[in-house]
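Enquirer: Dropping the structure in here first, questions after.
Just so it is clear, none of the values below were taken in a lab; they were calculated from the coordinates. Keep in mind that this is a model prediction, so the values were computed, not measured. Neighbour counts are summed over all protein chains in view; Cβ atoms, including those assigned to glycine, are modelled from backbone coordinates with ideal geometry.
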Amino acid sequence: MKRKRVRTLVSLAALLAVLYGLPAALLTFQARRTGTTLWDLLQRTVRASHEPATRVPTPRSTSLAFVSPTALGDPFEAAPVISHVNAVDLDRDGLLDVIACDAQGNKVIWLRQYPPGRFTELQVGSMVRAPAHVEAVDIDGDGDLDLLVASMGILIPSNDRIGAVIVLENDGHCNFRNRVLIDRIARVTDVQAGDLDGDGDLDLAVGQFGYDDGEIRWMQNQGNWQFESHMLLKRSGAIHTPIVDMNGDGLPDIVALVSQEWEEIYVFENLGRGRFRTRLIFKSDNEDFGSSGISIADLDGDGRPDVLYTNGDAFDYIPPSPRPWHGVHWLQNKGSLKFEYHHIADFPGAYSARALDVDGDGDLDVFAVSAFNDWDSPDAASFMWYENDGRMNFTPHMLAVSPTHLVTMALGDFDGDGRVDFVTGGVYLWVPVDYARAGRVTLWHNNWPGAGQSRREATTQPGP
């Protein structure tokens, strides 16, 4: 019996390696991550492979397909890994650009728009290992935009202290040099800037995933590129740390999403003078919930910022596959840092929800992309619009089925027609890759009838 079990284990491992091309390190990580043996993980994988594919019906309507995709940047030969995109006029020439984290190429790229409608890809600064998030901000107060970058060090979760917070400092002429603000820390997955202590300069909120030693900290700006770290929470799996005043007291708070087995959302309430109170505002009972992103928007228009939330991560399963509980949600801010959970829609592999009044009817609709849908099905949605009827009821509309494996989205009017467009990035970490449906950085032009209709959008769009 023992010999038979060994033969079965070897066969299963060989089958996974051949069919899915998954590295042994990833299998070992998942076994340790879930507290199981490698044998148990393989058995669970085989059982999952026999489960019926998760298919959430989404309506197809050509009359609502108002976006048209255009590939941006250099052509790719290897599978793309674009972990984050952002929309910003980096050179301030009046044309909106794209900045992105190329975690495969270990670099931050600038897709500069000039002349109008033409994008040229440039590397910003020197190498950044596995960048996860990039934000444009004048960190040194000299009047130009620098780039604030979260560096994971490597893509696969690890306890090695290989993370860093890096600024790509702009010399005023869009020449950038790397400044390391802190390194040799747990893998950094997000960094956001804001005046957290009220002294007039920009401090940082930092999320660190690590492996099982992650943390959330804020870094107090001491001037002259020096920052002092203050720990807020020792917890693995932190992926997003947007800064926004959540309770209307005039002080910027930190909102944090903690994924992995915790599946929690926190608000670190700013009490002034560098003091914070920890408040847990959401927790899932499902350890495999797959938290994948948050963004902030006043979704119900009551003047209080709400939390848009997606759960679509699927690396708890090998191969990654859609789960029945994946979807898009929002946490309604009821005041006094009390939040009420609402489900918007099921969406396999959901990532990167954003709010935008695309149809000009005065309420915010929701858009989301998918990283882990059933890509064997040609009808699996990669890009969804959830139309708000004004009473917080959302009707799903499928906008696209390709490119697939989308994990990050940003909004901006790239062609100056008054309509807000979309830009997305794809991550292809597992094989085989269907290159016919792959996309690195994609600009989705908004062709909604009537220019200037899509104007109201979230003022804060953090996260991949």
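Enquirer: Ordered by residue, what ³J(HN,Hα) values in Hz, to whole numbers, does the stretch 129-134 give under the Karplus form 6.51 cos²θ - 1.76 cosθ + 1.60, where θ = phi - 60° and Gly and Pro are x?
Expert: Once θ is set to phi - 60°, the couplings for the stretch 129-134 become 6, 6, x, 10, 7, 9 Hz.
Enquirer: Across the stretch 257-274, in residue order, what do the Karplus-derived ³J(HN,Hα) couplings come to in whole Hz, using 6.51 cos²θ - 1.76 cosθ + 1.60 with θ = phi - 60° and x for Gly and Pro?
Expert: These are the phi-based 3J(HN,Hα) values: 9, 10, 9, 6, 7, 7, 6, 10, 10, 10, 10, 9, 6, 7, 9, x, 6, x Hz.
Enquirer: If you take the charge dipole of the stretch 400-443 about its Cα centre, with +1 on Lys and Arg Cβ and -1 on Asp and Glu Cβ, which of Ala438, Gly425, Ala410 is farthest toward its positive end?
Expert: Of the listed residues, the answer is Ala438.
Enquirer: Determine the sum of side-chain charges near Gly125: Lys and Arg each +1, Asp and Glu each -1, restricted to other residues whose C-beta is under 13 angstrom from that of Gly125.
Expert: Summing Lys and Arg as +1 and Asp and Glu as -1 gives 0.
Enquirer: Now, a different point. Which of Phe347, Asn333, Thr310 sits farthest toward the positive end of the charge dipole of the stretch 286-356, with +1 on the Cβ of Lys and Arg and -1 on the Cβ of Asp and Glu?
Expert: In the stretch 286-356, that residue is Asn333.
Enquirer: Could you calculate the contour length gain from Asn224 to Asp212, that is, 0.36 nm times the residue separation minus the distance between their Cα atoms, to one decimal place in nm?
Expert: Between Asn224 and Asp212, full extension yields 1.0 nm more.
Enquirer: Taking 51 Å as R0, compute the FRET efficiency from the Cβ-Cβ separation of Asp89 and Asp376 and round it to 0.05.
Expert: Using R0 = 51 Å, I get an efficiency of 0.80.
Enquirer: Sort the stretch 278-346 into rounded, prolate or oblate with this rule: let a ≥ b ≥ c be the square roots of the eigenvalues of the Cα gyration tensor; rounded if a/c is under 1.5, and if a/c is not under 1.5, prolate when a/b is larger than b/c, oblate otherwise.
Expert: Verdict is prolate for the stretch 278-346.
Enquirer: So, with +1 on the Cβ of K and R and -1 on the Cβ of D and E, and no other charges, what is the size of the charge dipole of the stretch 76-151 about its Cα centre, to the nearest 20 debye?
Expert: The calculation lands at about 360 debye.
Enquirer: OK, next. Using a simple charge model, +1 on the beta-carbon of Lys and Arg, -1 on the beta-carbon of Asp and Glu, nothing else, what dipole does the stretch 330-462 show about its Cα centre, in debye to the nearest 20?
Expert: In debye, rounded to 20, the stretch 330-462 gives about 420.
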